[in-house]
Amino acid sequence: MHMRVAGLAVEQVGSGPSVVLLHGSGIDGRLWDEIVPALAASYTVIRYDARGLGDSDSPTTAYSDIDDLASVLDACDVGAAALVGMSMGGETAIDMALIHPGRVTALALVGAAVAGVDWPETAAGLAYDEARRCGDAERLARLELEVWASLGPLAPGGPLIERMVWDNAYRRIAAERHLSQPTLNAGDHLHRIAAPTVVLWGGDDHPGIAAAAERLTTGIPDAKGHTIEGADHYLPLRTPQALLNVLLAHLATRHAA
């Protein structure tokens, strides 16, 4: 079932306990194309394009990813759900677990960043940050692929990754200007997260993601960590089956408890 919720393009498929898939910045819900069918065999799967990306409307005023997630849950008549978030989506999932803990049954954080981690400086990384600050959409898209899709276009999922990055390049810049950041520093409050959590990252991802994963696994009570080899930042498309194996085991344990 497809619907629009406050200008957001939302898809809901399957049946069973609810799982929400949250994609990263500069891309859209197609990130989960290889994951959804298997998850939907046992769960109600909800995915949506974040505001200003994919088929969702571009913002004209300030917006919050947390408020948008809550609106999607309400529209789907879901009180609480497991959240699977990649990169920016992982940050949204963490913030949701801190701000609205009763609405989160489990967390799976895929290549997620978190406040309080010092990132190693690289020339490409610094150029990426500068392009983002300056709003240079074309340069940012090229660097997105260089820094975060380091396995290249010939690796699994490569063509779709490139399409998503370029499809969203200009809209991303416009949308991020209106994004309101949470007031809390999530890195200082990880000990408050009660939802069962698994942290995953690609063995070929940016080194800062591995550092963030360590921060998350040590900061969130009883969190489990998994490195997925053969994947860069776009793990759901690079190694979907390896990701599914961990997700299904994590969700099954949660719902058997």
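Only the coordinates and a few stated rules stand behind these numbers; no lab work does. Owing to the predicted nature of the structure, the values given are computational and were not obtained by experimental measurement. Don't worry about glycine lacking a Cβ; one is built from the backbone with ideal geometry, like all the others, and counts go over all protein chains shown.
Amide H contacts for Ala231 (H built 1.01 Å from N in the peptide plane; partners 5 or more residues away or on another chain; cut-off under 5 Å): Gly203, Asp204. Per residue of the chain, the DSSP helices (runs of n ≥ 4 H) give a summed -39500 (n - 2.57) that works out to -12000 deg cm²/dmol at 222 nm. Here each label is just a point 7 Å from Cα along the line to Cβ, and for Ser180 and His100 those points are 1.4 nm apart. One equal scatterer on each Cα of the chain, no solvent, Debye formula: the resulting log10 I(q)/I(0) at q = 0.11, 0.14, 0.17 Å⁻¹ is -0.53, -0.91, -1.46. For the stretch 93-143, the spread of Cα positions along the three principal axes, ordered from largest to smallest, is 40, 23, 17 Å. Placing unit charges on each Cβ (+1 for Lys and Arg, -1 for Asp and Glu) gives the stretch 2-256 a dipole about its Cα centre, and among Leu39, Leu160, His189 the Cα reaching farthest toward its positive end belongs to Leu39.
Straightening the chain between Arg133 and Glu146 buys 2.9 nm, computed as 0.36 nm per residue apart minus the Cα-Cα spacing. Only beta bridges with both residues in the chain are counted; by DSSP, about 25 percent of them are antiparallel. This model, with +1 at the C-beta of Lys and Arg and -1 at the C-beta of Asp and Glu, gives the chain a dipole about its Cα centre of some 400 debye. Distance between the C-alpha centres of the stretch 136-205 and the stretch 61-92: 16 Å, rounded to the whole angstrom.
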